[in-house]
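Worksheet: one structure, shown below.
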Amino acid sequence: MDDTYEESGWKLLHGDVLRAPNYTTWLVALIGSGVQLGATFLACIVLSMLGMLSPASRGNLIGAGVSLFFFFGVIGGYYSGRLYRTFKGVNWKRAAFLTSTLYPGLISTTCFVLNFFLWHAGSSGAVPFTVMVMLLSFWVCVSLPLVFVGFFFGYRKQPFEYSVRTNKIPRPIPSQLWYMRTFPSMLLAGILPFGAVFIELYFIFSAIWENQVYTLFSFLFLVYVILVICCAEIAVVIVYFQLCAENYRWWWKSFFVAAGSGLYVFLYGAFFYCDKLEIVGFTSTVLYFGYTALMSITFGMFTGTVGFFASFTFVRYVYSAVKID
(Lines give C-alpha, C1' and ligand atoms only; values in the text may rest on other atoms or scores of the structure.)
Protein backbone atom coordinates (compact mmCIF):
# COMPACT_ATOMS: atom_id res chain seq x y z
CA MET A 1 0.00 0.00 0.00
CA ASP A 2 2.85 2.38 0.83
CA ASP A 3 4.67 1.48 -2.40
CA THR A 4 1.56 2.29 -4.43
CA TYR A 5 1.25 5.66 -2.75
CA GLU A 6 4.87 6.53 -3.36
CA GLU A 7 4.52 5.75 -7.08
CA SER A 8 1.50 7.90 -7.69
CA GLY A 9 0.52 11.54 -7.52
CA TRP A 10 2.59 14.69 -7.81
CA LYS A 11 5.94 13.04 -7.03
CA LEU A 12 5.86 11.26 -10.40
CA LEU A 13 6.03 14.61 -12.18
CA HIS A 14 9.52 15.61 -11.05
CA GLY A 15 10.82 15.12 -14.60
CA ASP A 16 8.07 17.14 -16.28
CA VAL A 17 6.73 19.67 -13.75
CA LEU A 18 9.14 22.41 -14.85
CA ARG A 19 8.90 21.72 -18.57
CA ALA A 20 8.57 25.02 -20.47
CA PRO A 21 4.96 25.86 -21.38
CA ASN A 22 3.54 26.53 -24.82
CA TYR A 23 3.44 30.11 -26.11
CA THR A 24 6.15 31.27 -23.74
CA THR A 25 6.45 34.64 -25.48
CA TRP A 26 2.83 35.49 -24.72
CA LEU A 27 3.11 34.23 -21.16
CA VAL A 28 6.16 36.32 -20.29
CA ALA A 29 4.50 39.35 -21.91
CA LEU A 30 1.44 38.94 -19.69
CA ILE A 31 3.58 38.41 -16.60
CA GLY A 32 5.73 41.45 -17.35
CA SER A 33 2.64 43.62 -17.81
CA GLY A 34 1.18 42.24 -14.59
CA VAL A 35 4.34 43.16 -12.69
CA GLN A 36 4.11 46.70 -14.07
CA LEU A 37 0.48 46.96 -13.02
CA GLY A 38 1.13 45.61 -9.54
CA ALA A 39 3.97 48.07 -8.95
CA THR A 40 1.84 50.93 -10.32
CA PHE A 41 -1.12 50.07 -8.10
CA LEU A 42 1.06 49.86 -5.00
CA ALA A 43 2.87 53.11 -5.73
CA CYS A 44 -0.36 55.02 -6.40
CA ILE A 45 -1.97 53.70 -3.22
CA VAL A 46 1.05 54.53 -1.07
CA LEU A 47 1.47 58.02 -2.56
CA SER A 48 -2.24 58.75 -2.10
CA MET A 49 -2.14 57.38 1.44
CA LEU A 50 0.75 59.72 2.25
CA GLY A 51 -1.14 62.69 0.80
CA MET A 52 1.20 63.17 -2.17
CA LEU A 53 -1.64 62.52 -4.63
CA SER A 54 -5.01 64.18 -4.14
CA PRO A 55 -8.08 62.01 -4.83
CA ALA A 56 -10.06 65.18 -5.52
CA SER A 57 -7.98 65.80 -8.64
CA ARG A 58 -8.66 62.86 -10.93
CA GLY A 59 -6.47 64.26 -13.67
CA ASN A 60 -3.39 64.29 -11.44
CA LEU A 61 -4.13 60.80 -10.14
CA ILE A 62 -4.59 59.36 -13.63
CA GLY A 63 -1.53 61.20 -14.93
CA ALA A 64 0.59 59.90 -12.06
CA GLY A 65 -0.68 56.36 -12.66
CA VAL A 66 0.16 56.48 -16.37
CA SER A 67 3.61 57.95 -15.69
CA LEU A 68 4.40 55.38 -13.03
CA PHE A 69 3.28 52.56 -15.32
CA PHE A 70 5.61 53.78 -18.04
CA PHE A 71 8.58 54.12 -15.68
CA PHE A 72 7.92 50.74 -14.08
CA GLY A 73 8.39 49.19 -17.51
CA VAL A 74 11.98 48.49 -16.55
CA ILE A 75 10.77 46.24 -13.70
CA GLY A 76 8.23 44.44 -15.83
CA GLY A 77 10.79 43.97 -18.58
CA TYR A 78 13.32 42.57 -16.12
CA TYR A 79 11.04 39.85 -14.78
CA SER A 80 9.72 39.10 -18.24
CA GLY A 81 13.27 38.75 -19.58
CA ARG A 82 14.44 36.51 -16.76
CA LEU A 83 11.44 34.24 -17.20
CA TYR A 84 12.09 34.10 -20.93
CA ARG A 85 15.68 33.08 -20.21
CA THR A 86 14.42 30.43 -17.79
CA PHE A 87 12.15 29.05 -20.53
CA LYS A 88 15.20 28.95 -22.85
CA GLY A 89 13.71 31.39 -25.32
CA VAL A 90 15.97 32.58 -28.13
CA ASN A 91 14.14 35.51 -29.79
CA TRP A 92 14.36 37.93 -26.88
CA LYS A 93 13.82 41.06 -28.97
CA ARG A 94 10.45 39.80 -30.17
CA ALA A 95 9.47 38.87 -26.61
CA ALA A 96 10.57 42.28 -25.31
CA PHE A 97 8.57 44.07 -28.01
CA LEU A 98 5.46 42.05 -27.19
CA THR A 99 5.92 42.77 -23.48
CA SER A 100 6.14 46.49 -24.15
CA THR A 101 3.16 46.64 -26.53
CA LEU A 102 0.64 44.01 -25.38
CA TYR A 103 -1.13 45.81 -22.55
CA PRO A 104 -0.49 49.43 -23.66
CA GLY A 105 -1.63 48.52 -27.17
CA LEU A 106 -4.85 46.98 -25.86
CA ILE A 107 -5.60 49.96 -23.63
CA SER A 108 -4.75 52.65 -26.19
CA THR A 109 -6.66 50.96 -29.02
CA THR A 110 -9.77 50.47 -26.91
CA CYS A 111 -9.67 54.00 -25.50
CA PHE A 112 -9.16 55.42 -28.99
CA VAL A 113 -12.24 53.57 -30.25
CA LEU A 114 -14.32 54.63 -27.24
CA ASN A 115 -13.14 58.20 -27.69
CA PHE A 116 -14.73 58.20 -31.13
CA PHE A 117 -18.11 57.77 -29.46
CA LEU A 118 -17.41 60.84 -27.32
CA TRP A 119 -16.34 62.84 -30.36
CA HIS A 120 -19.48 61.78 -32.21
CA ALA A 121 -21.67 62.81 -29.28
CA GLY A 122 -19.87 66.14 -28.98
CA SER A 123 -18.97 65.47 -25.35
CA SER A 124 -16.59 67.78 -23.52
CA GLY A 125 -15.11 64.68 -21.86
CA ALA A 126 -13.52 63.52 -25.10
CA VAL A 127 -9.74 63.36 -24.97
CA PRO A 128 -8.23 65.82 -27.48
CA PHE A 129 -6.29 64.28 -30.33
CA THR A 130 -3.16 66.22 -29.36
CA VAL A 131 -3.23 64.68 -25.87
CA MET A 132 -3.49 61.20 -27.36
CA VAL A 133 -0.51 61.91 -29.63
CA MET A 134 1.44 63.20 -26.63
CA LEU A 135 0.69 60.01 -24.64
CA LEU A 136 1.71 57.89 -27.61
CA SER A 137 4.99 59.79 -27.90
CA PHE A 138 5.59 59.43 -24.16
CA TRP A 139 5.05 55.68 -24.42
CA VAL A 140 7.36 55.30 -27.44
CA CYS A 141 10.12 57.49 -26.00
CA VAL A 142 9.99 56.35 -22.36
CA SER A 143 8.13 53.10 -21.70
CA LEU A 144 9.25 51.16 -24.76
CA PRO A 145 13.00 51.74 -24.20
CA LEU A 146 12.68 51.05 -20.46
CA VAL A 147 10.98 47.70 -21.10
CA PHE A 148 13.75 46.75 -23.54
CA VAL A 149 16.43 47.78 -21.03
CA GLY A 150 14.81 45.78 -18.24
CA PHE A 151 14.26 42.80 -20.54
CA PHE A 152 17.89 42.91 -21.70
CA PHE A 153 19.29 42.80 -18.17
CA GLY A 154 16.77 40.18 -17.06
CA TYR A 155 17.64 38.00 -20.05
CA ARG A 156 21.36 38.31 -19.31
CA LYS A 157 20.91 37.33 -15.67
CA GLN A 158 21.06 33.72 -14.59
CA PRO A 159 17.70 31.94 -15.03
CA PHE A 160 15.66 30.79 -12.08
CA GLU A 161 17.27 27.66 -10.70
CA TYR A 162 15.52 24.31 -10.89
CA SER A 163 16.22 21.51 -8.44
CA VAL A 164 15.02 18.80 -10.85
CA ARG A 165 15.93 17.94 -14.42
CA THR A 166 13.36 17.80 -17.19
CA ASN A 167 12.96 14.53 -19.08
CA LYS A 168 13.43 14.56 -22.84
CA ILE A 169 10.19 12.64 -23.47
CA PRO A 170 7.03 14.26 -22.04
CA ARG A 171 4.99 12.13 -19.69
CA PRO A 172 1.43 11.29 -20.85
CA ILE A 173 -1.28 13.12 -18.94
CA PRO A 174 -4.27 11.06 -17.73
CA SER A 175 -7.81 12.23 -18.32
CA GLN A 176 -8.86 15.04 -16.00
CA LEU A 177 -12.08 15.64 -14.12
CA TRP A 178 -14.29 18.36 -15.58
CA TYR A 179 -13.83 20.79 -12.72
CA MET A 180 -10.04 20.64 -13.12
CA ARG A 181 -10.23 22.12 -16.61
CA THR A 182 -9.19 25.72 -17.04
CA PHE A 183 -12.53 27.53 -17.33
CA PRO A 184 -14.31 25.74 -14.45
CA SER A 185 -11.22 26.31 -12.33
CA MET A 186 -11.31 30.01 -13.19
CA LEU A 187 -14.94 30.26 -12.12
CA LEU A 188 -14.31 28.43 -8.86
CA ALA A 189 -11.03 30.10 -7.96
CA GLY A 190 -11.99 33.62 -8.99
CA ILE A 191 -14.60 33.93 -6.26
CA LEU A 192 -12.07 34.23 -3.40
CA PRO A 193 -10.01 37.17 -4.75
CA PHE A 194 -13.20 38.92 -5.83
CA GLY A 195 -14.62 38.48 -2.34
CA ALA A 196 -11.57 40.21 -0.93
CA VAL A 197 -12.28 43.40 -2.91
CA PHE A 198 -16.07 43.15 -3.21
CA ILE A 199 -16.90 45.90 -0.72
CA GLU A 200 -14.14 48.21 -1.93
CA LEU A 201 -15.34 47.88 -5.51
CA TYR A 202 -18.57 49.62 -4.57
CA PHE A 203 -16.73 52.73 -3.41
CA ILE A 204 -14.39 52.68 -6.41
CA PHE A 205 -17.24 52.39 -8.90
CA SER A 206 -19.14 55.10 -7.06
CA ALA A 207 -16.13 57.40 -7.21
CA ILE A 208 -15.71 56.80 -10.94
CA TRP A 209 -19.31 56.86 -12.16
CA GLU A 210 -21.15 58.90 -9.52
CA ASN A 211 -18.59 61.72 -9.14
CA GLN A 212 -17.78 60.90 -5.55
CA VAL A 213 -14.38 61.45 -3.95
CA TYR A 214 -12.54 58.33 -2.82
CA THR A 215 -10.44 58.86 0.33
CA LEU A 216 -10.07 55.40 1.92
CA PHE A 217 -6.56 54.75 0.67
CA SER A 218 -5.32 53.31 3.96
CA PHE A 219 -8.09 50.72 3.82
CA LEU A 220 -7.37 50.18 0.12
CA PHE A 221 -3.76 49.34 0.99
CA LEU A 222 -4.99 46.69 3.40
CA VAL A 223 -7.32 45.32 0.73
CA TYR A 224 -4.38 45.21 -1.69
CA VAL A 225 -2.37 43.06 0.71
CA ILE A 226 -5.33 40.75 1.37
CA LEU A 227 -5.94 40.44 -2.38
CA VAL A 228 -2.35 39.39 -3.01
CA ILE A 229 -2.55 36.76 -0.26
CA CYS A 230 -5.87 35.38 -1.56
CA CYS A 231 -4.62 35.16 -5.15
CA ALA A 232 -1.47 33.38 -4.04
CA GLU A 233 -3.31 30.89 -1.85
CA ILE A 234 -6.02 29.96 -4.35
CA ALA A 235 -3.54 29.55 -7.20
CA VAL A 236 -1.28 27.31 -5.11
CA VAL A 237 -4.23 25.14 -4.06
CA ILE A 238 -5.49 24.67 -7.63
CA VAL A 239 -1.99 23.91 -8.91
CA TYR A 240 -1.46 21.37 -6.13
CA PHE A 241 -4.70 19.57 -7.01
CA GLN A 242 -3.66 19.56 -10.66
CA LEU A 243 -0.27 18.07 -9.84
CA CYS A 244 -1.95 15.41 -7.72
CA ALA A 245 -3.97 14.55 -10.82
CA GLU A 246 -0.62 14.03 -12.62
CA ASN A 247 -1.08 17.03 -14.89
CA TYR A 248 2.14 19.01 -15.14
CA ARG A 249 0.80 21.74 -17.43
CA TRP A 250 0.32 24.24 -14.65
CA TRP A 251 2.04 27.35 -15.99
CA TRP A 252 -0.92 28.87 -17.82
CA LYS A 253 -3.38 27.40 -15.34
CA SER A 254 -1.72 29.26 -12.45
CA PHE A 255 -2.21 32.54 -14.31
CA PHE A 256 -5.78 31.96 -15.48
CA VAL A 257 -7.24 30.67 -12.21
CA ALA A 258 -6.23 33.83 -10.36
CA ALA A 259 -7.11 36.02 -13.33
CA GLY A 260 -10.64 34.59 -13.24
CA SER A 261 -11.46 37.19 -10.59
CA GLY A 262 -11.48 39.75 -13.40
CA LEU A 263 -14.59 38.08 -14.81
CA TYR A 264 -16.41 38.63 -11.52
CA VAL A 265 -15.33 42.27 -11.53
CA PHE A 266 -16.99 42.69 -14.93
CA LEU A 267 -20.14 40.95 -13.70
CA TYR A 268 -20.20 43.25 -10.69
CA GLY A 269 -19.88 46.18 -13.07
CA ALA A 270 -22.94 44.94 -14.94
CA PHE A 271 -24.81 44.63 -11.63
CA PHE A 272 -23.74 48.14 -10.62
CA TYR A 273 -24.98 49.45 -13.98
CA CYS A 274 -28.41 47.90 -13.55
CA ASP A 275 -28.86 48.57 -9.85
CA LYS A 276 -27.15 51.90 -9.08
CA LEU A 277 -26.81 53.94 -12.26
CA GLU A 278 -29.35 55.62 -14.47
CA ILE A 279 -27.40 55.69 -17.71
CA VAL A 280 -29.47 56.16 -20.84
CA GLY A 281 -28.41 56.13 -24.47
CA PHE A 282 -26.34 53.76 -26.57
CA THR A 283 -23.14 55.82 -26.42
CA SER A 284 -23.11 56.05 -22.63
CA THR A 285 -23.76 52.32 -22.29
CA VAL A 286 -20.95 51.42 -24.69
CA LEU A 287 -18.56 53.70 -22.82
CA TYR A 288 -19.49 52.24 -19.45
CA PHE A 289 -19.07 48.62 -20.44
CA GLY A 290 -15.99 49.38 -22.52
CA TYR A 291 -14.15 51.00 -19.62
CA THR A 292 -15.46 48.37 -17.21
CA ALA A 293 -14.04 45.65 -19.47
CA LEU A 294 -10.65 47.39 -19.43
CA MET A 295 -10.78 47.57 -15.64
CA SER A 296 -11.62 43.86 -15.47
CA ILE A 297 -8.79 42.90 -17.83
CA THR A 298 -6.34 45.05 -15.88
CA PHE A 299 -7.45 43.51 -12.59
CA GLY A 300 -7.22 40.01 -14.06
CA MET A 301 -3.71 40.55 -15.41
CA PHE A 302 -2.50 41.69 -12.01
CA THR A 303 -4.14 38.89 -10.03
CA GLY A 304 -3.02 36.34 -12.62
CA THR A 305 0.57 37.48 -12.23
CA VAL A 306 0.36 37.10 -8.45
CA GLY A 307 -1.03 33.59 -8.88
CA PHE A 308 1.72 32.69 -11.35
CA PHE A 309 4.61 33.75 -9.13
CA ALA A 310 3.05 32.14 -6.05
CA SER A 311 2.63 28.85 -7.91
CA PHE A 312 6.11 29.07 -9.40
CA THR A 313 7.62 29.56 -5.95
CA PHE A 314 5.51 26.74 -4.52
CA VAL A 315 6.47 24.24 -7.23
CA ARG A 316 10.17 25.04 -7.00
CA TYR A 317 10.14 24.72 -3.21
CA VAL A 318 8.14 21.49 -3.10
CA TYR A 319 10.17 19.66 -5.72
CA SER A 320 13.44 20.83 -4.21
CA ALA A 321 12.55 18.66 -1.21
CA VAL A 322 11.84 15.55 -3.28
CA LYS A 323 14.59 12.94 -3.18
CA ILE A 324 14.97 11.19 -6.51
CA ASP A 325 16.53 7.76 -6.56
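Measuring with a 1.4 Å probe in the full set of protein chains, what accessible area per residue, in whole Å², belongs to the chain?
Working: 17190 Å² over 325 residues.
Counting only protein heavy atoms, the per-residue value for the chain is 53 Å².
If I stretch the segment between ILE173 and LEU216 completely, what's the gain in nm (0.36 nm per residue apart, minus their alpha carbon distance), one decimal?
Working: separation 43, 0.36 × 43 = 15.48 nm, distance 4.80 nm.
10.7 nm is the gain from fully extending ILE173 to LEU216.
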Item to complete: Can you tell me the FRET efficiency between ALA293 and LEU136 if r is taken as the Cβ-Cβ distance and R0 is 22 Å, rounded to the nearest 0.05?
Response: 0.55
Worksheet entry | FRET efficiency, ASN91 to VAL280 (Cβ-Cβ, R0 41 Å, nearest 0.05) | 0.25
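Which sequence of MET186, MET301 reflects their accessible areas, 1.4 Å probe, from the largest down? Write out the running numbers ahead of the final one.
On the way: MET186 40, MET301 15 Å².
These residues rank, largest area first, as MET186, MET301.
Rounded to the nearest 500, what is the chain's calculated 222 nm mean residue ellipticity when only DSSP H runs of at least 4 contribute -39500 (n - 2.57) each, over all residues? Provide the component values of the computation, followed by the final result.
Values: 13 runs with 230 residues, N = 325.
It comes out at -24000 deg cm²/dmol, rounded to the nearest 500.
Would you please give the FRET efficiency between ARG156 and ASN60, computed as 1/(1 + (r/R0)^6) with r the Cβ-Cβ distance and R0 = 56 Å, to the nearest 0.05? Walk me through the intermediate numbers first.
Numbers: r = 37 Å, r/R0 = 0.66.
Once rounded, the FRET efficiency stands at 0.90.
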Discussion item. I'd like the orientation of helix 217-244 relative to the chain: the angle between its Cα long axis and the longest Cα principal axis, in ° from 0 to 90, rounded to 10.
Written reply: 30
Practice prompt. With label points built 7 Å along Cα→Cβ from the Cα atoms of ILE204 and ARG165, find their separation and express it in nm.
Written response: 4.7
Worksheet item: TYR23 label point, 7 Å along Cα→Cβ, cut-off 15 Å on backbone N: hits in region 102-121?
Response: 102-103
Worksheet item: So, in Å, what gap is there between the alpha-carbon centers of region 248-262 and region 58-96?
Response: 20
Item to complete: Using only Cα atoms, tell me the angle between helix 144-156 and the longest principal axis of the chain; keep it within 0 to 90° and round to the nearest 10.
Response: 10
Worksheet item: Over the heavy atoms of TRP119, what accessible area does a 1.4 Å probe trace out, to the nearest 10 Å²?
Response: 90
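Give me the percent of the accessible area of the chain that comes from carbon and sulfur atoms, probe 1.4 Å, all protein chains in place.
Numbers: 11670 of 17190 Å².
Reported share for carbon and sulfur atoms: 68 percent.
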Worksheet item: In what sequence, highest mean first, do 202-215, 283-296 appear when ranked by Cβ atoms within 10 angstrom?
Response: 283-296, 202-215
Response to the item:
The relative contact order of region 238-325, taking Cα pairs under 8 Å that sit 6 or more residues apart, comes to a percentage of 43
Worksheet item: When semi-axes √(5λ) of the Cα gyration tensor in Å is calculated directly from the model, which label among (i) 38, 23, 17; (ii) 28, 25, 20; (iii) 31, 24, 20 fits?
Response: (i)
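Can you give the relative contact order of the chain as a percent, counting alpha carbon pairs under 8 Å and 6+ residues apart?
Working: 432 pairs, mean separation 85.7, N = 325.
Across the chain, relative contact order equals 26 percent.
The values are calculated or read from the model by the stated rules, or taken from the named source; none is laboratory data. Note that the structure is predicted; figures quoted are calculated from it, not measured. No Cβ is skipped: glycine too gets one built from the backbone with ideal geometry, and neighbour counts run over all protein chains shown. Keep in mind that these areas ignore ligands, DNA and RNA; they rest on the heavy atoms of the full protein, side chains included. Shrake-Rupley method; radii C 1.70, N 1.55, O 1.52, S 1.80 Å.
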